[in-house]
Amino acid sequence: MQKDARKFGISDKRGRFNTSNDPYLNDSGLAEPSVCRVCGAVYQKKRWVIDTAEAARLEHGSKVQQVVCPACRKIADHYAEGSVMLHGDYFWAHEAEIRNILRNEENRVMSKNPLARIISMEKEDGSLLIETTEEKLAEHLGRGLHKAHQGELKVSWTSDHAICRVDWHRDA
């Protein structure tokens, strides 16, 4: 019996299905070492990492490629894969605290995946709209906020799991 590889989100290694359809990721990888000239992320061992000491050490190397990482390109192009909408009187009464929770959650997720970033936080029609570079970051932000402040949380995904929409609401 063969299992559906897409169900488990595994990559296309050894004939498995590729579940990532991110147009900003380079399938063939980059030359190593590479450093993002915008945020300082380092590409090593086929992964992006935030390592300021390594970036500073590599900065003056002759074999280092200066590139722009996929997250910085998504931010520049305003290409959002996730969105979080926050509504309700409770949010506005606790806005500073909630924004701090969201930034802390972003930093926690970014320590594991440096390509997961908040693109923007903008007030829109009495709500706050947060756009993210990675769909899973939007889900993490919503779940982290719900854990800390309860309220009503709705997480919805597109059929191909390429985009995540999160809606959080709480009245006073």
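In table form, for the structure just shown:
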| quantity | calculated |
| --- | --- |
| Residue in segment 68-87 that is more than 21 Å from the chain's Cα centre (by Cα), closer than 30 Å to E124 by Cβ and of a type in the set (A, V, I, L, M, F, W, C) present | no |
| Matching residues, segment 19-38, being outside any strand (DSSP E or B) and either more than 23 Å from I163 (Cβ to Cβ) or aliphatic (A, V, I, L, M) (or both) | L25, S28, G29, L30, A31, E32, P33, R37, V38 |
| Out of R37, R73, sole residue that is at pLDDT 80 or above, under 20 Å from A138 (Cα atoms) and open to solvent by 50 Å² or more (accessible area, probe 1.4 Å) | R73 |
| Residues within segment 118-127 that are open to solvent by less than 30 Å² (accessible area, probe 1.4 Å) and either at pLDDT 95 or above or more than 19 Å from E97 (Cβ to Cβ) (or both), tallied | 3 |
| Residue match in segment 48-63 (condition: at pLDDT 90 or above and outside any strand (DSSP E or B)) | no |
| The one condition in (1) touching a helix residue (DSSP H, G or I) at 6+ places or on another chain (Cβ under 7 Å); (2) open to solvent by 50 Å² or more (accessible area, probe 1.4 Å); (3) not hydroxyl-bearing (S, T, Y) that L141 fails to fulfil | (2) |
| Residue match in segment 152-166 (condition: charged (D, E, K, R), farther than 30 Å from Y43 by Cα, surrounded by fewer than 20 Cβ atoms within 10 Å (Cβ to Cβ) and without any contact (Cβ under 8 Å) to a residue 60 or more places away in the chain) | yes |
| Out of A80, A53, sole residue that is surrounded by 17 or more Cβ atoms within 10 Å (Cβ to Cβ), more than 20 Å from R170 (Cβ to Cβ) and of a type in the set (A, V, I, L, M) | A80 |
| Condition check for H140: in a loop (DSSP other than H, G, I, E, B) and free of Cβ contacts under 8 Å to residues at least 60 places away in the same chain | no |
| Filter result for I101 (surrounded by 16 or more Cβ atoms within 10 Å (Cβ to Cβ), out of contact with any strand residue (DSSP E or B) (no Cβ under 8 Å at 6 or more places or on another chain) and either of a type outside the set (G, A, S) or assigned to a helix (DSSP H, G or I) (or both)) | yes |
| Among the candidates H146, H161, H169, residue that is under 15 Å from the mean Cα position of the chain (by Cα) and of a type outside the set (A, V, I, L, M, F, W, C) | H161 |
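The values are calculated or read from the model by the stated rules, or taken from the named source; none is laboratory data. Please read all numbers here as calculations on a predicted model, not as lab measurements. Please note: Cβ atoms are built from the backbone with ideal geometry, for glycine as well, and neighbour counts cover all protein chains shown. To get the accessible areas, we keep the full protein, side chains included, count just its heavy atoms, and leave off ligands, DNA and RNA. Shrake-Rupley method; radii C 1.70, N 1.55, O 1.52, S 1.80 Å.
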